[in-house]
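Take a look at the structure set out below.
FYI, it's all coordinate maths here, none of it is from the lab. Source: prediction; values computed, not measured. So basically every Cβ, Gly included, is an ideal-geometry build from the backbone, and we count neighbours across all protein chains shown.
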């Protein structure tokens, strides 16, 4: 169910330099600017506006769960940036954040997302491999089920875009090969 008060908060950011996006109880403030100091100033204004709106409407934001990420291809030093504040609490500066289940990194390469999905797919693969029949290997039906599960888990159908590196593609190819090799039936031959 959608929260009407939360919708009113999102509509506060319809005009101006800051935009707000929301889904369920997640919110993201998106700010564009020419340089880091102006981004931090605009961001602090947006945070102040959101927290004052929250106080007026009995809506509370958790500063411990709030993360500030700068999306840019330029290099920047997080330690040199001043931290925006939510009330009396400084906000956490990070190079990546998880939003609605997707890991977004500061360069928007989606590398951490793909690597995380590949790692969990590999974990699933070896968990299934350990439970399969050791003598003759799994049946073809089980092999196909495992392969399609790994494919879904790692997101092969959603290969990363042009910004991703070749290493990510190699990681996915190795995972696919491991999936096929580890679940292929083993033939035990007797000596002549």
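The calculated FRET efficiency for residue 127 paired with residue 148, based on their beta-carbon distance and R0 = 25 Å, is about 0.95.
Sorted fewest first by neighbouring Cβ atoms within 10 angstrom, 115, 47 come out as 115, 47.
Segment residue 4..residue 96, full-extension length gain: 30.2 nm, with 0.36 nm per residue of separation and the alpha-carbon distance subtracted.
Ordered by the number of other Cβ atoms lying within 10 Å of each residue's own Cβ, fewest first, 40, 93 fall into the sequence 93, 40.
Sorting 68, 30 from the fewest to the most surrounding beta carbons within 10 angstrom yields 30, 68.
Distance from the Cα centroid of region 73-131 to that of region 1-66 is 21 Å (rounded to whole angstrom). The relative contact order of region 19-74 comes to 16 percent, based on Cα pairs under 8 Å that sit 6 or more residues apart.
To the nearest 0.05, what FRET efficiency results for residue 45 and residue 71 with a Förster distance of 25 Å applied to their C-beta separation?
Result of the calculation: an efficiency of 0.85.
Residues of region 88-121 with an amide N closer than 17 Å to a point placed 7 Å from the Cα of residue 79 along the Cα-to-Cβ direction: 93-95.
Please compute the length gained on full extension between residue 170 and residue 25, using 0.36 nm multiplied by the number of residues separating them and subtracting their Cα-Cα distance.
48.6 nm
Fully extending the segment from residue 88 to residue 57, taken as 0.36 nm per residue of separation minus the present Cα-Cα distance, adds 9.2 nm.
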